Amino acid sequence: MKKRLKELIESLIFVSLEPLSLERIKSVLQEFPQEQIERAIKDLLESYVSNESGIQIIQTAGGYLFSTKPEFDSWIRRLFRIERKNKLSPASLETLSVIAYHQPITLAEISALRGVDSTHTLKVLLRKKLAKIVGRKKSPGKPLIYRTTDKFLSHFGLSNIKDLPSQEEISNVLEEGKGIEE
């Protein structure tokens, strides 16, 4: 079975309905040394990068997941008649970015940063499971505290919240954009 470890891990990732973490893979494959599992995953990822397949394995939301390659997106959407996944309103995107960059955060803090009442928009994000309630703040009224979810990471192709662009990176992109417009 030693030779087939890579194929075994590929099968586990394939049947998993959500990103499969390294820790979960190791817990399922207890009879294999951890270094061997890590090497097999590395080899598996490399084999998908170098092949000419329409699918790939991506690292997202703290785990591994099968995905189609982005260049085939329009045909896949046509097949399933799926609307583009980035059909979030500008208000939803703004609210989501406030949560992502300032989490954990309360509704009052979100609304204050945005300058508008964000109750409805936050409810939409909760319904879409892009944000979640993680507790209550120890302050008067004990308001609910919100964070982004693993679905948020997966939706935007991030492995970790730390993968978000920094304020400096955003400023640099905006400055570059100004030069182009002038």
Worksheet item: From the list V134, V173, which one is of a type in the set (A, V, I, L, M, F, W, C), loosely packed, with under 12 Cβ neighbours inside 10 Å, under 30 Å from G63 (Cα atoms) and more than 14 Å from the chain's Cα centre (by Cα)?
Response: V173
Worksheet entry | Restricting region 144-158 to residues that are modelled with pLDDT of 95 or more and of a type outside the set (S, T, N, Q), the residue that is nearest to the chain's Cα centre (by Cα) | R147
Item to complete: Considering only residues that are closer than 19 Å to I57 by Cα and without any contact (Cβ under 8 Å) to a residue 12 or more places away in the chain, look in region 27-46 and name the one that is surrounded by the most Cβ atoms within 10 Å (Cβ to Cβ).
Response: R39
Fill in: Criterion: within 20 Å of the chain's Cα centre (by Cα) and either more than 21 Å from L153 (Cβ to Cβ) or at pLDDT below 90 (or both) - qualifying residue of K3, K69
K69
Worksheet item: Can you pull out the residues in region 6-45 that are under 14 Å from F66 (Cβ atoms), within 20 Å of the chain's Cα centre (by Cα) and either of a type in the set (D, E, K, R) or in the same structural domain as S154 (by TED's automatic domain parsing) (or both)?
Response: E18
Worksheet item: Here are some conditions: (1) of a type in the set (K, R); (2) in a helix (DSSP H, G or I); (3) under 22 Å from Q59 (Cα atoms). K123 meets all but one. Which one does it not meet?
Response: (3)
Discussion item. Exactly one condition in (1) of a type outside the set (A, V, I, L, M); (2) under 20 Å from L8 (Cα atoms); (3) in contact (Cβ under 8 Å) with a residue 60 or more places away in the chain is false for Y101; which is it?
Written reply: (2)
Fill in: Positions within region 54-79 being farther than 19 Å from L20 by Cβ and out of contact with any strand residue (DSSP E or B) (no Cβ under 7 Å at 6 or more places or on another chain), in sequence order
P70, E71, F72, D73, S74, W75, R77, R78, L79
Fill in: Criterion violated by V116 - all others in (1) part of a loop (DSSP other than H, G, I, E, B); (2) more than 23 Å from L164 (Cβ to Cβ) satisfied
(2)
Practice prompt. Read through the list (1) part of a helix (DSSP H, G or I); (2) without any contact (Cβ under 8 Å) to a residue 24 or more places away in the chain, then give the number of the only condition that L153 fails.
Written response: (2)
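Results for (1) among the β-branched types (V, I, T); (2) outside any helix (DSSP H, G or I); (3) at pLDDT below 90, shown as yes or no for each residue.
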position: L12; (1), (2), (3): no, no, no
position: E23; (1), (2), (3): no, no, no
position: Q30; (1), (2), (3): no, yes, no
position: E38; (1), (2), (3): no, no, no
position: K42; (1), (2), (3): no, no, no
position: Y48; (1), (2), (3): no, no, yes
position: N86; (1), (2), (3): no, yes, yes
position: A91; (1), (2), (3): no, no, no
position: T95; (1), (2), (3): yes, no, no
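The values are calculated or read from the model by the stated rules, or taken from the named source; none is laboratory data. Every value quoted in this text rests on a predicted model; they were computed, and no experiment measured them. Heads up, the Cβs are rebuilt from the backbone with ideal geometry, glycines too, and the neighbour counts pull from every protein chain shown.
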